[in-house]
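Heads up: the structure comes next, in structure tokens.
The values are calculated or read from the model by the stated rules, or taken from the named source; none is laboratory data. Remember, it's a predicted structure, so these values are computed and weren't measured experimentally. Virtual Cβ from ideal backbone geometry, glycine too; neighbours counted across all protein chains shown.
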Amino acid sequence: MSIHIEAKKGDIAETILLPGDPLRAKWIAETYLEETFCFNKIRNMFGYTGLYQGKPISVMGTGMGVPSISIYAHELITEYDVKNLIRVGSAGSYQKDIKLRDIVFAMAASSNSGLNTLRFNGADYAPTASFKLFQKALDIAKSKNIAIKAGNVLTSDEFYADNFESYKKWSEFGVLCVEMESAGLYTIAAKHQVEALSILTISDSLISGEHTTSKERETSFKDMIEIALELT
Ligand code: ADE
């Protein structure tokens, strides 16, 4: 047991899917995995291990934001020997041609979070995806005929920005979309020399103001989850 996870050693697979919402983790486990058991209920941050096409895989919620995902990633890696951490999340589009329900692979994660400024004494660190997982995910998407976009994303500390227009600077510099966790995940994975990838589905657009409904989010999530599950 670690501070925030009550699993025993060996309960968690080498590869884990990480949605922000713990109920999404439950849904993924119930929908896709066999011989499933729940390894964590602390803080209702549900975590499950099961088999996908005969191979062990885990899925667990991370909560929202860099501090929350950083705590779980740290404990999963250092206490449970997890080697492949795959975020499956939602994001808001910063570009006209990134539409609702599109899938984005985060090659890199820019951020306004203070965590890396603190860690690197004010210098910039560029958190990036695992090349191995990125390349494999591309191959899987291609084989399933699922179109994806890939590039730089913004990991933001704020969901409700005081200055709505602030997104335009990131947009001008080619950032595809905004979410709240990838820079934290990539940094912790790099620190411990393990693999991480964020796969995101666009749930809203800051350009058009559109949002997906919760029903639409569920169905559009499926392509992303199916790519992630095949990364085992
Ligand atoms: N996740 C999904 N949409 C988002 C947004 N607009 N801002 C931050 N995180 C998000």
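Which condition number in (1) surrounded by fewer than 16 Cβ atoms within 10 Å (Cβ to Cβ); (2) closer than 24 Å to THR219 by Cβ is the one that GLU35 fails?
Only one criterion in (1) surrounded by fewer than 16 Cβ atoms within 10 Å (Cβ to Cβ); (2) closer than 24 Å to THR219 by Cβ is unmet by GLU35, namely (2).
Return yes when ALA137 is touching a Pro at 6+ places or on another chain (Cβ under 8 Å) and closer than 20 Å to GLU195 by Cβ and no when it is not.
no
Out of the range 188-202, which residues are out of contact with any helix residue (DSSP H, G or I) (no Cβ under 6 Å at 6 or more places or on another chain) and polar (S, T, N, Q)?
Within the range 188-202, just GLN193 meets the criteria.
Sort out which residues of the range 163-185 are within 13 Å of the ligand (Cβ to nearest atom) and outside any helix (DSSP H, G or I), and write them in order of number.
Answer for the range 163-185, where residues must be within 13 Å of the ligand (Cβ to nearest atom) and outside any helix (DSSP H, G or I): VAL175, LEU176, CYS177, VAL178, GLU179, MET180, GLU181.
Give the range 60-98 a look and list any residue that's within 16 Å of the ligand (Cβ to nearest atom) and charged (D, E, K, R), or say none.
The answer is ARG87, LYS96.
State which residue pairs qualify: first residue within 20 Å of GLY89 (Cα to Cα) and among the small types (Gly, Ala, Ser) and inside the range 154-172, second residue in a helix (DSSP H, G or I) and within 12 Å of the ligand (Cβ to nearest atom) in any location, beta carbons under 7 Å apart, and separation of 6 or more residues or different chains.
That search, which allows pairs on different chains as well, returns nothing.
Would it be correct to say that SER110 is at pLDDT 95 or above, among the polar types (S, T, N, Q) and within 15 Å of the ligand (Cβ to nearest atom)?
Spelling it out, SER110 is indeed at pLDDT 95 or above, among the polar types (S, T, N, Q) and within 15 Å of the ligand (Cβ to nearest atom).
Picking from VAL153, VAL194, which residue would you name as being surrounded by 12 or more Cβ atoms within 10 Å (Cβ to Cβ), of a type in the set (Val, Ile, Thr) and within 14 Å of the ligand (Cβ to nearest atom)?
Step by step, each of VAL153, VAL194 is checked, and only VAL153 is surrounded by 12 or more Cβ atoms within 10 Å (Cβ to Cβ), of a type in the set (Val, Ile, Thr) and within 14 Å of the ligand (Cβ to nearest atom).
What number of residues within the range 121-134 satisfy the criterion of being surrounded by 12 or more Cβ atoms within 10 Å (Cβ to Cβ) and either assigned to a helix (DSSP H, G or I) or of a type in the set (A, V, I, L, M, F, W, C) (or both)?
The qualifying residues number 5.
Any chance the range 48-59 includes a residue that's within 13 Å of the ligand (Cβ to nearest atom), in contact (Cβ under 8 Å) with a residue 60 or more places away in the chain and within 16 Å of the chain's Cα centre (by Cα)?
no
In this structure, is ASP139 surrounded by fewer than 22 Cβ atoms within 10 Å (Cβ to Cβ), farther than 15 Å from ALA183 by Cβ and away from the ligand (no atom under 16 Å from the Cβ)?
In short, yes.
Suppose the filter is without any contact (Cβ under 8 Å) to a residue 40 or more places away in the chain and in a helix (DSSP H, G or I); does LEU118 pass it?
In short, yes.
Given ILE207, ILE188, ILE199, which one is assigned to a strand (DSSP E or B) and among the β-branched types (Val, Ile, Thr)?
ILE199
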